[in-house]
1. List the pairs whose first member sits in the stretch B:137-163 and is within 13 Å of another protein chain (Cβ to nearest Cβ), whose second member is in a loop (DSSP other than H, G, I, E, B) and surrounded by fewer than 19 Cβ atoms within 10 Å (Cβ to Cβ), and whose Cβ atoms are under 7 Å apart, counting only residues at least 6 apart or on separate chains?
2. Which condition does residue B:150 not pass, out of (1) hydroxyl-bearing (Ser, Thr, Tyr); (2) over 19 Å from residue B:305 (Cα atoms); (3) part of a helix (DSSP H, G or I), if it passes all the others?
3. Return yes or no: is residue A:20 outside any helix (DSSP H, G or I) and either β-branched (Val, Ile, Thr) or surrounded by 14 or more Cβ atoms within 10 Å (Cβ to Cβ) (or both)?
4. Yes or no: residue B:163 under 14 Å from residue B:25 (Cα atoms), of a type in the set (Lys, Arg) and surrounded by fewer than 18 Cβ atoms within 10 Å (Cβ to Cβ)?
5. Conditions: (1) free of Cβ contacts under 8 Å to residues at least 12 places away in the same chain; (2) among the hydrophobic types (A, V, I, L, M, F, W, C); (3) part of a loop (DSSP other than H, G, I, E, B). Residue A:29 meets all but one. Number of the miss?
6. Hey, does the stretch B:66-73 have a residue that's under 28 Å from residue B:171 (Cα atoms) and in contact with an Asp or Glu (Cβ under 9 Å, 6 or more places away or on another chain)?
7. Those residues that are touching a residue at least 60 places away in the same chain (Cβ under 8 Å) and among the polar types (S, T, N, Q), I need them from the stretch B:456-481; list them, please.
8. Tell me, yes or no, whether the stretch B:357-367 has at least one residue that is surrounded by fewer than 19 Cβ atoms within 10 Å (Cβ to Cβ) and either of a type in the set (Ser, Thr, Tyr) or under 20 Å from residue B:260 (Cα atoms) (or both).
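The values are calculated or read from the model by the stated rules, or taken from the named source; none is laboratory data. The model shown is predicted, which means the values in this text are computed figures rather than measured ones. Backbone-built Cβ (ideal geometry, glycine too); neighbour counts: all protein chains shown.
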Amino acid sequence: MDELLNILTELHPDIDFDKEENLIGDKILDSFDIVTIIAEVSDVFDVAIPAQDIVEENFNSAKALYALIKRLEEEDD
Amino acid sequence: MLFTSLGFLVFLAVLIPLYFLVPKKIQWIVLLVANAFFYVYAGTRGLIFISVTIVTTYIATMVISHLYASQEKYLKDNKESLSKEAKKAYKNKMQQKRRLVMILCAVVSFGIIAVMKYSGLFLRGTEFAQSLSLILPLGISYYTFQTMGYLIDVYRGTYSPEKNIFKLALFTSFFPLLLQGPITRFGDIGKQLYEPHTFNMRNFTYGLERILWGYFKKVVIADRILIAVKAIISEPDEYNGVYVLCGMVFYAIQLYCDFTGGIDITIGIAQILGISLPENFLRPFFSKNIAEYWRRWHISLGVWFREYLFYPISVSKPLLKLSKFTRNKIGNGIGMRIPVYVATVTVWFITGLWHGSAWNFIVWGLLNAAIIIISEELSPLYAKFHSHFPGLKQKWLYRLFEIGRMFFIMCSLRVLDCYRNVGTAFKAYSTIFTRFNYNILTDGSLLKLGLGVLDYVVVFCGVALIITISLLQRTGSIRDKIAKKPIGIQMAIFAALLFIILIFGAYGIGYDSSQFIYTEF
């Protein structure tokens with residue numbers, strides 16, 4: 001989780017990703033940010049987030065994104 | 001059949017009562033027959049192409065669904081005996097099969113568009129290109145994108161496919177959407193199209209108000225200002241300098257009223273039938289930058305390109321590899337953004353192509369991409385500037401400056417929409433900075449563009465009314481506010497709008513109630 005928080009904080013240092021629960025709804029993350037995050041995640045976690053998983057629910061909070069990464073890791077195993 | 005034709009009004013006057021009078025079970029069939037009538041009225045040849053799209057999409061989605069079911073059964077039956085690697089290999093094999101089916105189907109439908117719409121780009125002037133453009137099927141850009149979105153969603157497992165081909169045909173051909181969208185997702189309207197609907201007075205009055213508002217924008221403003229726009233762009237050598245500047249503003253008014261007016265009519269008709277469509281505009285001219293503008297203008301097309309093109313390209317293996325490479329070589333800043341920019345340019349190139357088979361639209365698309373990328377690159381500079389002037393962003397004058405800046409940029413890009421080719425567009429635009437014939441604003445020259453003083457007054461008042469309504473909308477639905485007024489006031493508003501359309505509508509001698517601009521795309 002810490003690695004993911006590092007990725008997110010590097011992108012938006014002013015946001016508290018531990019607490020924020022509506023990153024897409026509140027327009028904190030835009031499509032450019034999402035793609036950048038996916039590239040970083042693919043590097044750090046060695047997991048590919050497919051286009052169909054790019055939905056609001058998966059990107060609204062760090063927790064939700066981390067759950068998605070874990071799910072994809074499990075599916076990969 | 002034009003939304004503005006008498007025939008269309010008769011068509012609605014027959015359909016709406018019929019839709020609510022027939023047994024609820026067959027309401028969707030009535031809609032399907034209405035769609036067929038609407039489509040055949042536009043020409044029987046187009047029917048072949050839409051039928052090909054419906055049939056191929058139906059077959060492909062059923063095959064994909066079958067492959068999903070086979071995979072599930074096989075994995076369940078062999079749960080114990082298969083190793084992790086074998087399961088993964090099997091899943092990959094099935095995924096490849098599904099992808100192949102999806103791609104083959106997409107190639108057929110996009111292939112039809114490519115041949116019908118884009119052969120003109122390379123074969124301009126030839127008889128073959130002319131004959132194809134004559135039979136360009138009605139709404140091909142809209143129904144193809146809508147149906148291909150559905151195909152991709154079924155491929156991704158987002159929806160189960162519709163098993164009744166006639167119901168799929170209804171989704172593909174729903175007549176209010178055929179002329180200019182919105183390009184709607186299956187999840188948004190599929191169920192609504194097939195389920196029974198009871199006549200609802202609230203839906204009827206809200207829908208009718210929305211339709212009248214749409215007609216007001218289309219026939220009172222767009223079709224009137226169109227005359228001056230046509231005059232200016234048809235003679236680029238004569239009408240230059242400040243004329244071009246006026247043409248840019250006039251075209252912005254025309255396009256906004258034409259497109260949003262058409263969408264108002266579309267959404268209004270659907271609402272009367274009990275079907276709720278997603279909004280396609282969110283007061284786009286109140287945007288402060290071009291990226292925000294594109295999130296608020298033609299929303300359904302933007303969402304389509306984002307979901308089915310921008311994200312898949314951005315997260316594709318080659319671009320992720322490029323991302324890794326650029327970050328290692330150039331560093332985390334620009335290196336991280338290059339792949340996103342590659343996807344942005346690709347999407348805007350295709351967005352330009354979607355708008356038409358002319359180089360004007362391709363250049364227009366690429367310029368949009370360039371401005372978005374430049375804005376993104378300059379954002380640290382803006383942030384630094386604003387850190388020196390905290391609170392500036394909240395000042396209404398600065399907000400007005402941002403809106404004005406965005407309006408000027410959008411108007412400048414749209415010059416490419418207007419003129420017959422890229423060279424003429426750039427030449428006409430450049431005269432804004434070289435010819436300062438401001439005297440035309442006061443010496444009566446603008447009255448020689450086919451519009452009289454009364455026409456300009458009508459357009460000015462109409463635009464002022466639209467801006468006022470848009471400002472009021474920010475605090476909630478106008479129709480909700482009207483519904484709370486006494487019935488007498490509601491009727492008066494309703495009657496006033498109807499009379500304004502009848503009295504000031506741009507029809508009759510000297511006017512040409514034209515097709516909607518976005519129907520041509």
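1. As it stands, the answer is B:153/B:159, since those pairs meet every condition given.
2. Going through (1) hydroxyl-bearing (Ser, Thr, Tyr); (2) over 19 Å from residue B:305 (Cα atoms); (3) part of a helix (DSSP H, G or I) one by one, residue B:150 breaks only (2).
3. Working: outside any helix (DSSP H, G or I): yes; either β-branched (Val, Ile, Thr) or surrounded by 14 or more Cβ atoms within 10 Å (Cβ to Cβ) (or both): yes.
Criteria met by residue A:20.
4. On the way: under 14 Å from residue B:25 (Cα atoms): no; of a type in the set (Lys, Arg): yes; surrounded by fewer than 18 Cβ atoms within 10 Å (Cβ to Cβ): yes.
Here the answer is no, as residue B:163 does not meet what is asked.
5. (1)
6. For the stretch B:66-73, residues under 28 Å from residue B:171 (Cα atoms) and in contact with an Asp or Glu (Cβ under 9 Å, 6 or more places away or on another chain): absent.
7. B:470, B:473
8. As a first pass, look at the stretch B:357-367 and keep what is surrounded by fewer than 19 Cβ atoms within 10 Å (Cβ to Cβ): B:359, B:363, B:366-367.
Then keep just the ones that are either of a type in the set (Ser, Thr, Tyr) or under 20 Å from residue B:260 (Cα atoms) (or both); that gives none.
No, that holds for no residue.
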